[in-house]
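Report on one structure; see the data block that follows.
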Amino acid sequence: MPSNDFASKMTARRRAKRSDDKRIASLVVREVAKVIPQIVSQVHSLIHSRTTEDVKTEAPQSAFLYKHFKACDPMEFTGEGGVSQLLQWFDSIEVTLYQSGCPDSFRTTCATGLLQSRALEWWTAERNKRGISAAYALSWD
């Protein structure tokens, strides 16, 4: 049977880890929030730099549906687990986006469709702040 001293140390370690995870998550959110305006600006520039001729000369693509992406069984992300879990999710989603043939214009929609719990709360707040069209127009890259 573990001693009270051992149990106290384990409890303190768990609290310290949770505190570290919260600080790391907060840091990630702040850093992502810093780059989002730049991404929006780049997307805006790209969208408005295309001419009507550019659109007419593009080859038609077969219709991509969210169910094609979901058929690859992508990993959901809850916002729990700290930075290592976030990086693992990013890697997993990149592979799934590639394997499913997801077009660039639909990647943010597909990826954000996998957010759950705290991550979904964050995305909902961002989407409400930016507006639905602007939020989903953000580049995944």
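The values are calculated or read from the model by the stated rules, or taken from the named source; none is laboratory data. Just so you know, these numbers come straight off a predicted model, no measurement behind them. A quick note on method: Cβ atoms are made from the backbone with ideal geometry, for glycine too, and the neighbour counts reach across all protein chains shown.
Does Thr96 meet the test of being of a type outside the set (A, V, I, L, M, F, W, C), at pLDDT below 75 and over 21 Å from Arg130 (Cβ atoms)? Walk me through how you get there before you give the answer.
Working: of a type outside the set (A, V, I, L, M, F, W, C): yes; at pLDDT below 75: no; over 21 Å from Arg130 (Cβ atoms): yes.
Answer is no for this residue.
Within the stretch 5-25, is there a residue that is surrounded by 11 or more Cβ atoms within 10 Å (Cβ to Cβ), at pLDDT below 85 and within 15 Å of the chain's Cα centre (by Cα)?
Checked against the condition, which is being surrounded by 11 or more Cβ atoms within 10 Å (Cβ to Cβ), at pLDDT below 85 and within 15 Å of the chain's Cα centre (by Cα), the stretch 5-25 yields at least one hit.
Look through the stretch 41-85, keep the residues that are hydroxyl-bearing (Ser, Thr, Tyr) and surrounded by 13 or more Cβ atoms within 10 Å (Cβ to Cβ), and return whichever of them is modelled with the lowest pLDDT.
Within the stretch 41-85, the match that is modelled with the lowest pLDDT is Tyr66.
In the list Gly113, Gly101, Gly79, which residue meets the criterion of being among the small types (Gly, Ala, Ser) and more than 23 Å from Phe64 (Cα to Cα)?
Exactly one of Gly113, Gly101, Gly79 is among the small types (Gly, Ala, Ser) and more than 23 Å from Phe64 (Cα to Cα), namely Gly79.
How many of the residues making up the stretch 86-118 are surrounded by fewer than 17 Cβ atoms within 10 Å (Cβ to Cβ), in contact with a Ser or Thr (Cβ under 9 Å, 6 or more places away or on another chain) and of a type outside the set (Ser, Thr, Tyr)?
Counting residues in the stretch 86-118 that are surrounded by fewer than 17 Cβ atoms within 10 Å (Cβ to Cβ), in contact with a Ser or Thr (Cβ under 9 Å, 6 or more places away or on another chain) and of a type outside the set (Ser, Thr, Tyr) gives 4.
Do you know which residues across the stretch 119-141 are among the small types (Gly, Ala, Ser), surrounded by 13 or more Cβ atoms within 10 Å (Cβ to Cβ) and not in a loop (DSSP other than H, G, I, E, B)?
Correct list: Ala119, Ala134, Ala135.
When both residues are 6+ apart or on different chains and their Cβ atoms are under 9 Å apart, which pairs have a first residue that lies in the stretch 70-99 and is touching a residue at least 60 places away in the same chain (Cβ under 8 Å), and a second that is of a type in the set (D, E, K, R) and assigned to a helix (DSSP H, G or I)?
Pairs found: Gly81/Asp21; Gly82/Lys17; Gly82/Asp20; Gly82/Asp21; Gly82/Lys22.
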